[in-house]
Every structure is written in structure tokens, then in C-alpha cells.
Amino acid sequence: MSAVTTSRPRSSAPRSDSPRSRAIREPLVSRTSAMLVMAVFTVYFLLPLWWLLVASSKSTGDILTTNPLWFADMRLFSNIGDLFAYRDGIFLRWLGNSLLYAGLGGAVATLLAAMAGYALAKYRFPGRELIFDVVLGGVLVPATALALPLFLIFSQVQLTNTFWAVFLPSLVSPFGVYLARIFAASSVPDELLEASRLDGAGEIRTFFTVSLRLMSPALVTMFLFQFVAIWNNFFLPLIMLRSEELFPVVFGLYGWNNQLNQIPELRGLVLIGALLSVIPLIVIFLLLQRFWRNGLGTGALK
Amino acid sequence: MKHKLFTATAGVALSALLLAGCAGGGSSSGDGAAAAADCAPSDGPVTLEFTSWIPGIEKVVDMWNTENPDIQVKVQTGPNGNNGTYQNFFNQIAAGNAPDLGQIEYDALPNFLVQDGVENIAGCSDVVNAKDQFVGWAWNQVALGGDGGVYGIPQDIGPMGLFYRSDLFEKNNIPVPTTWDEYTEAAKKIRALGGYITNFSQSDINQFAGFVWQAGGQWFGNDADGWTVSLTDPASKKVADYWQSLIDQDLVSTYPAWTDEWNNAYNSSQVWTWNSAVWGANSISSGAPDTAGNWSVADLPQWKAGDAVSGNWGGSSIAVLKGSKHPYEATKFALWLNTSTEALTALNEEANIYPATTEGLKLPSLAKGVDFYGGQKIYDVFAKAATEVTPDFVWGPTMTKTYADVSDGFKAAVSGSGTLADALQKGQDATISALESQSIPVKK
């Protein structure tokens with residue numbers, strides 16, 4: 001940690017004055033207009049959330065007939081109760097699935113990407129740049145384009161419609177590898193690795209006890225990226241999964257939303273379900289926000 | 001009969017002579033359907049996979065599972081067909097791991113047929129015997145290809161009727177239209193009162209197809225020589241011109257269907273009628289809750305006074321997907337699901353499925369008055385309509401594309417450029433080139 005904080009200002013200071021000192025010199029007018037633009041965007045982004053919260057607190061009949069931006073009768077908690085009771089609590093199962101896919105998948109993906117990125121940054125071996133270029137190429141290929149080939153491959157080993165069908169592809173994060181390499185190169189000093197080797201630590205022990213800690217801000221960023229990517233991944237579950245008990249929450253809600261024409265009562269459940277399913281994302285963002293910004297900035301600067 | 005004989009004998013070791021005799025008997029059961037699946041029972045217990053997006057269907061399947069320990073059915077789910085499940089079926093069929101049974105709407109079934117995605121189950125004697133239990137035209141929706149093949153078991157149908165605001169018609173002394181001419185007259189009176197008689201949907205091409213179906217149009221035809229495409233036949237033209245004139249005179253609203261503004265138009269009594277299928281009953285009650293008790297259902301307006309012809313909008317079948325190892329058990333389950341009173345009752349109560357069998361139309365749960373419709377026994381109207389649907393409407397193999405093309409044209413027509421008839425012509429041309437690009441033979 002300390003190595004990171006001390007090394008960064010030194011490298012960035014000579015280039016230009018920091019953003020903060022420049023902001024102070026801005027005249028009042030441009031500062032106000034900047035704030036105004038930001039305020040508009042804040043409202044723009046928060047309005048759907050507000051609508052979701054309001055709509056979630058209404059009975060199904062009121063959703064379409066009352067003011068969409070203000071509460072009618074407060075039924076938020078009974079709606080939540082209905083949601084958890086519907087079809088023996090399948091929604092909770094979906095929520096749990098999502099947490100498992102995104103939480104565990106994100107953690108393992110982060111570790112794998114960190115190891116790969118670290119190896120690419122710190123070891124010299126033939127083909128290193130080629131491997132890195134291939135990984136970089138992977139960043140450019142959208143996950144959606146890979147879903148169908150993955151389905152056909154998983155079909156051959158009979159893993160479709162299993163937990164692994166969504167979990168295994170989630171462990172791959174080319175962008176994480178890229179980020180890890182950049183970050184490892186800048187934040188893990190070679191001298192430190194030399195020292196730990198001299199002290200008799202093996203490469204693996206060095207990685208886990210020294211390097212991983214130095215890379216932790218980047219790890220949090222990578223984890224957040226991957227968590228959000230897996231949480232929102234829609235196409236892969238759509239193609240891979242058929243058993244309802246394996247669905248992640250996003251896909252499950254999509255299925256319900258699809259049935260609105262036949263079962264209009266589901267509208268309320270879809271709304272409250274959507275509200276509950278964004279809460280884990282909000283929580284994880286608030287908790288890890290600090291690191292996220294830190295890591296993002298690092299990736300951008302170097 | 002023949003397949004029972006086949007297993008009874010084949011199960012036991014017999015002389016080569018007898019075996020040969022049996023095999024001959026087995027193959028002759030495929031008369032009239034050369035490609036029919038060999039419909040022999042499997043040995044021992046069987047587990048079937050069944051993919052459907054009908055909510056609550058697993059409860060109905062549980063009833064079957066308790067009664068049939070040797071044929072267990074596992075329900076799998078996904079989004080509505082066109083929203084992903086059909087594509088999944090095709091992927092799974094290509095990968096060889098498709099479920100044994102799949103929900104397929106009538107308008108999508110020909111696509112599966114031309115892409116070789118569904119088994120011909122005409123070789124199963126139970127299937128052929130069950131034919132008479134179904135509403136005749138519904139059976140025609142699964143008996144495709146003109147060679148005696150059967151590619152699914154009908155599950156539900158969507159006979160159409162006229163939902164109308166009985167309170168408003170009565171209060172303003174407007175007679176409920178029984179013909180499309182009277183419908184225009186009523187539309188003018190309603191427009192003078194500030195309302196619209198109905199909403200013309202730019203996106204529900206299947207509703208429009210329902211009108212064409214009623215008018216006796218034939219969008220597609222299929223026999224051994226290939227497909228005919230006739231989106232612009234005289235009946236379709238007549239329907240298109242009729243609605244075009246209503247649009248031109250501003251007698252119908254043109255909200256996008258299934259949106260909030262569409263719901264509001266009905267809920268606020270701005271729009272007075274909806275020509276829809278039997279399942280539309282629930283769409284109104286949920287979309288326009290403030291109008292409860294004020295709706296009634298009548299027969300669809302007729303083209304000729306005194307006729308009794310209806311159209312169909314929607315409906316689906318249960319098909320045995322290509323590659324299933326247990327077509328015999330699969331069809332047995334599909335027949336139970338769609339013909340037995342217990343299953344049809346449960347499907348109706350769980351998911352508002354409107355049965356496709358003649359007996360099913362008389363279910364006790366469909367004989368009750370419905371409060372939202374002022375206590376009217378609305379399902380009696382639809383049961384009658386179900387027997388009046390023109391019997392031989394055929395869907396094409398590229399309906400998703402056809403719908404999209406026609407819908408584009410309808411949207412343009414509604415906003416004033418082009419006409420509905422132009423849209424059909426464009427749909428006609430685009431459909432033919434879509435078929436040709438898939439090497440599906442088209443007769444011109």
C-alpha cells in the first residue's frame with residue numbers, strides 16, 4: 001500500500017498541476033455551469049431508480065393508474081413478502097445464484113487474472129508479448145459473441161444447463177489480466193521481489209504474501225468489473241440454462257417480464273424484484289468505491 | 001396396437017423368422033408418413049425434458065409425475081419463444097441435446113418443420129387416434145406439409161371475439177356492430193363523441209393475420225412442391241383496405257400496443273372496443289382496472305350479415321423436438337397434458353390456457369360468469385367462435401421476418417406514408433426472398 005501511495009505522486013507530479021488545483025482557479029460561472037450539468041445528469045440517472053422505488057411500493061393495479069413519480073399507498077414490505085413467497089421463494093434462489101456466480105466467479109476470476117497479469121509483468125519468457133497481445137485481443141471480443149460457441153463446446157462435454165455452464169466462462173477476464181499486468185508493472189518493485197527471493201521465499205509464496213498485497217487496489221477494481229459483468233450477464237444464461245433453479249436473478253426477472261401479457265399480476269413482482277436485485281450492486285459499489293476510483297485512475301494514468 | 005405387439009415380441013428372444021415378421025409389421029405402421037418417427041416404447045423408466053414458458057406448468061406436470069413413476073417429466077423454462085427459447089431450441093438441436101418436448105406456437109411450427117427441428121409423430125398410433133378430440137382447425141395447425149405428417153399436439157387456441165364497452169354503447173344508443181360495415185358506422189358515432197372505436201395496432205401483425213384468417217385469406221400454402229406466399233390475396237387486400245379507411249378517417253387510435261399509453265386509452269374510456277382473442281380477457285382486466293364490470297364480449301363483426309366466421313390469434317402446440325430418444329413416451333405425456341380434463345382444468349386455472357379440444361371448451365372453469373365482464377359467461381362466446389374459425393389457414397416458415405417486414409410497413413402507413421396494402425406487398429416480396437435465401441422452394 002505505502003509503496004503505491006509514495007510512488008504515484010512522484011511519477012505524475014512533473015507532468016502537470018493536479019486536477020484539484022486547477023479547479024480552484026476556474027471562475028465561478030464555469031463552476032456553476034459544470035455543477036448544473038452534473039446535477040442534470042444526476043437526476044437523469046437517479047430518476048429511473050426513483051421511479052423503480054415508487055413503483056415497487058404500489059399494488060399492481062396502482063402502478064399504471066397513479067402518478068408514476070409519487071407514492072400511492074405504501075405496500076413496499078408486503079410486496080417484498082409476496083415476492084419472497086411467490087413460487088416457493090424462487091426469487092431468493094435466483095438472488096443467491098447471482099451472488100454465487102458473481103461473487104465467487106468474480107473472486108476466482110480476479111485471482112486468475114492477477115496471477116496471469118503478474119506473470120506477464122514480472123517474468124521474462126519467450127512468447128510473453130504474444131500471449132499478452134492475444135489476451136488484449138480477447139478484450140475486443142464481446143462476450144455475447146462467444147456464448148454460442150461456448151454452448152456448443154459445453155454441449156460436447158455435457159455441461160450445459162449446469163452451474164458450471166455459467167460459472168466457468170465467468171472466470172475469464174481478459175481486461176483483468178490487462179489491468180493486472182499494468183498495475184503489477186508499476187506497483188510491485190523488482191527490488192522487493194529480489195529481497196524476498198534472497199530471504200528464501202519461493203515464487204508462489206512471494207506472489208501471495210508480497211505482490212498480491214501491493215496489487216490490492218487493482219484487485220478490487222478487477223473484482224468490481226467482473227462482479228458487475230457477471231451479474232449483468234444475460235446472454236450466457238439465456239443460452240446455457242433451462243432449469244429455473246439455476247437462473248441468475250437478471251435472467252429470471254426477464255422471464256417473468258416476458259409473461260406479463262399472460263399473467264399481469266407479475267408486473268408488481270418484476271418491479272420489486274428489479275429493485276431488490278440492484279441493491280447488492282449498490283452496496284458493493286458503496287463499500288468498494290474508494291478502491292474502484294483508485295484502481296481506475298491508476299489504469300488510466302499509466 | 002402394432003407397437004405394443006412389437007415390444008411384446010421383441011422383448012423376448014425369438015426365432016429369426018418371427019423377428020423378421022415383426023420388423024415388417026413395425027415399418028408398415030408408418031403408412032402415409034414416410035419420415036414419421038419410429039414410435040416404439042422404451043425399455044424401463046424414462047425421464048423426459050420439457051421446455052415451456054407457461055408459468056405454473058410445473059404444477060400440472062407434477063400431477064402427471066405422481067401418476068406415472070416410469071415416465072418422469074422434468075420441466076425446464078425460458079423466455080417466450082420468440083424472445084429466445086426458439087433460438088435455444090435450434091442451438092440445442094444442432095448440439096444434439098434438445099429437450100424431448102418443447103412449447104412451439106403455431107406460427108413458429110413451420111419454421112421448425114423446414115429446419116428439420118421437430119419429429120413427425122404421425123407414427124404414434126395414439127396421436128392419430130387423438131385427432132378427433134381436437135378442434136378441427138387446431139389440428140390442421142400441427143398437421144403440416146400435406147403428407148399426413150403431424151408435428152405437435154395442439155395445446156391452446158385463440159379464437160377471436162369483440163370486446164366492447166357495453167355501458168358506453170348502451171348509454172349512447174349505439175347498436176353493437178355485427179358486421180364490419182356496422183362497425184364503421186359505430187366508429188363514426190363514437191368519434192363524434194370524442195372516443196375511438198378501437199386501436200389499430202401497428203405491431204400486432206398476428207392480430208391483423210387473425211382478421212385475414214376470418215376473411216378467408218390464405219397467407220401461405222404448402223404441399224410437396226413447395227410453398228406459396230400470398231400476403232396480397234383478395235381477402236388480405238379487403239382487410240387492409242378496410243382498416244386503411246378507418247385510419248384515413250381518423251376513426252381508430254394508433255397507440256403502440258401493450259404500452260402504458262395503450263392501457264391508459266382503454267382505462268380512461270377513450271377506446272371502446274378491442275377485437276381480440278380469448279386470452280385478451282385478462283389483458284383488459286389488468287390494463288384497464290377502472291372499467292371493471294363495464295365490458296362485454298360479442299362475436300367478431302362479420303363481412304357478410306348473417307355469417308358466423310371467426311379468426312384466430314395465437315395458440316401453441318407441444319412438439320417432440322428432433323433427437324428425442326423417447327417419442328412414444330413424449331407423445332403420451334403431451335396427449336395427457338392437452339386432452340385430459342384434469343390437466344386442462346389445471347392449465348386453465350394456473351395459466352389461463354384456453355384448451356384446443358372440443359371437450360376442453362366445456363370445462364366447468366370456463367362455464368362461469370366473469371365479474372369484470374358484468375357477470376357475462378364470456379367463454380361461451382369464445383367456445384362458439386372456436387368452432388367457427390376458418391379451418392385451413394397456414395403459417396409460413398419465416399414468420400418472425402414476415403411480421404417484422406409487415407410491421408415496418410404498418411408503422412409507416414399509420415404515420416401517413418404508404419398504405420397497409422403497400423405494407424403487405426412489401427411483406428410479400430421480402431418473405432419470398434427470405435424463403436429463397438434459405439433455399440426453401442417457392443411456387444409463384
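Read-outs: derived from the displayed coordinates by stated rules, not from any lab. Given the structure is predicted, the values throughout are model-derived calculations rather than measurements. Cβ: placed from backbone, ideal geometry, glycine included. Neighbour counts: every protein chain shown.
Springs join every pair of Cα atoms under 10 Å in this Gaussian network model of chain B, and among B:Asn173, B:Asn140, B:Asn338 the largest mean-square fluctuation is at B:Asn173. Straight Cα distances below 26 angstrom link A:Lys122 to the lysines A:Lys302, with same-chain residues fewer than 8 positions distant left out.
Backbone amide hydrogens, once placed in the peptide plane, bring B:Thr398 within less than 5 Å of nothing, excluding anything fewer than 5 places away on its chain. Working note: 222 nm ellipticity from helices only, DSSP H runs with n ≥ 4, each -39,500 (n - 2.57), summed and divided by the residues of chain A, gives -23500 deg cm²/dmol to the nearest 500.
The H on the amide N of B:Gln376, modeled in the peptide plane, is under 5 Å from the matching H of B:Val370, each at least 5 residues off or on a different chain. Peptide B:282-291 shows a mean partner chain C-beta count of 4 within 10 Å per residue C-beta.
Need one number: convex hull volume per residue for chain A, Cα atoms only, in Å³. So the per-residue Cα hull volume is 188 Å³. Report, in deg cm²/dmol and to the nearest 500, the calculated mean residue ellipticity at 222 nm for chain B, where each DSSP H run with n ≥ 4 adds -39500 (n - 2.57) and the sum is divided by the residue count. Taking each H run of at least 4 residues, the total per residue is -12500 deg cm²/dmol. Would you please give the FRET efficiency between B:Asp223 and B:Gln133, computed as 1/(1 + (r/R0)^6) with r the Cβ-Cβ distance and R0 = 22 Å, to the nearest 0.05? Result of the calculation: an efficiency of 0.25. A crude spin-label estimate for the pair A:Thr209 and B:Val442, with each label 7 Å from Cα along the Cβ direction, gives 7.4 nm.
Taking amide H positions as modeled 1.01 Å from N, with prolines and chain starts lacking one, the residues under 5 Å from B:Trp227 and 5 or more places away or on another chain are B:Val442, B:Lys443.
Among B:Met399, B:Met160, A:Met115, a tally of other beta-carbon atoms within 10 Å of each Cβ gives an order, fewest to most, of A:Met115, B:Met399, B:Met160.
From least to most packed, judged by other beta carbons within 10 angstrom and beginning with the fewest, B:Thr431, B:Thr228 follow the order B:Thr228, B:Thr431.
For segment B:78-174, the residue among B:Ala130, B:Gln103, B:Gly146 whose Cα projects farthest onto the positive side of the dipole built from Cβ charges is B:Gln103.
Have a look at A:Arg290, A:Arg242, A:Arg205 and tell me which one the Gaussian network model of chain A (Cα, springs below 10 Å) gives the largest fluctuation. Looking only at A:Arg290, A:Arg242, A:Arg205, the largest GNM fluctuation is found for A:Arg205. Placing unit charges on the Cβ atoms only, positive for Lys and Arg and negative for Asp and Glu, gives chain B a dipole magnitude near 260 debye about its Cα centre.
Using only alpha carbons, segment B:357-444 has a radius of gyration to Kirkwood radius ratio (Rg to Rh) of 1.20.
Packing, as the average of other Cβ atoms within 10 Å across residues, places the peptides A:31-42, B:245-256, B:270-281, A:66-77 in the order B:270-281, B:245-256, A:66-77, A:31-42, highest first.
Converting the Cα gyration tensor eigenvalues of segment B:107-175 into ellipsoid dimensions via √(5λ) gives semi-axes, longest first, of 39, 14, 8 Å. What do you get for the angle between helix A:2-12 and the principal long axis of chain A? Use alpha-carbon atoms, 0 to 90 degrees, nearest ten. So the inclination is approximately 80 degrees. Once the protein assembly as shown is represented by equal point scatterers at the alpha-carbon sites, with solvent omitted, what log10 I(q)/I(0) does the Debye formula produce at q = 0.05, 0.08 Å⁻¹? Debye curve over Cα of the protein assembly as shown, log10 I(q)/I(0) at q = 0.05, 0.08 Å⁻¹: -0.34, -0.80. Exposure proxy ranking for B:Val46, A:Val172, based on other Cβ atoms within 10 angstrom of each Cβ and starting from the fewest, stands as A:Val172, B:Val46. Under the membrane-span-like helix rule (DSSP H runs whose alpha carbons stretch at least 24 Å along the helix axis, mean Kyte-Doolittle hydropathy 1.6 or higher), chain B yields none. The aspartates and glutamates within cross-link reach of B:Lys411, meaning a Cα-to-Cα straight distance under 20 Å and a gap of 8 or more places when in the same chain, are B:Asp204, B:Asp241, B:Asp248, B:Asp250, B:Asp260, B:Glu261, B:Asp422, B:Asp429. Among the lysines, which fall within straight-line cross-link reach of B:Lys171, defined as a Cα-Cα distance under 18 Å, with same-chain neighbours fewer than 8 residues apart omitted? Output for B:Lys171: B:Lys188, B:Lys189.
Evaluated with a Cβ-only charge set (Lys, Arg +1; Asp, Glu -1), the protein assembly as shown carries a dipole of roughly 3320 debye about its Cα centre, given to the nearest 20.
Between the helical axis of A:128-140 and the longest alpha-carbon principal axis of chain A there is an angle of about 20 degrees. Evaluated at q = 0.12, 0.13 Å⁻¹, the base-10 log of the normalised Debye intensity for chain B, with identical point scatterers placed on the Cα atoms, takes the values -1.03, -1.18. Relative to the current alpha-carbon distance between A:Asp133 and A:Thr32, full extension at 0.36 nm per residue lengthens the span by 31.9 nm. For the residue pairs B:Lys238/B:Lys384; B:Lys304/B:Lys426; B:Lys237/B:Lys377, the C-alpha atoms sit more than 32 angstrom apart in B:Lys237/B:Lys377.
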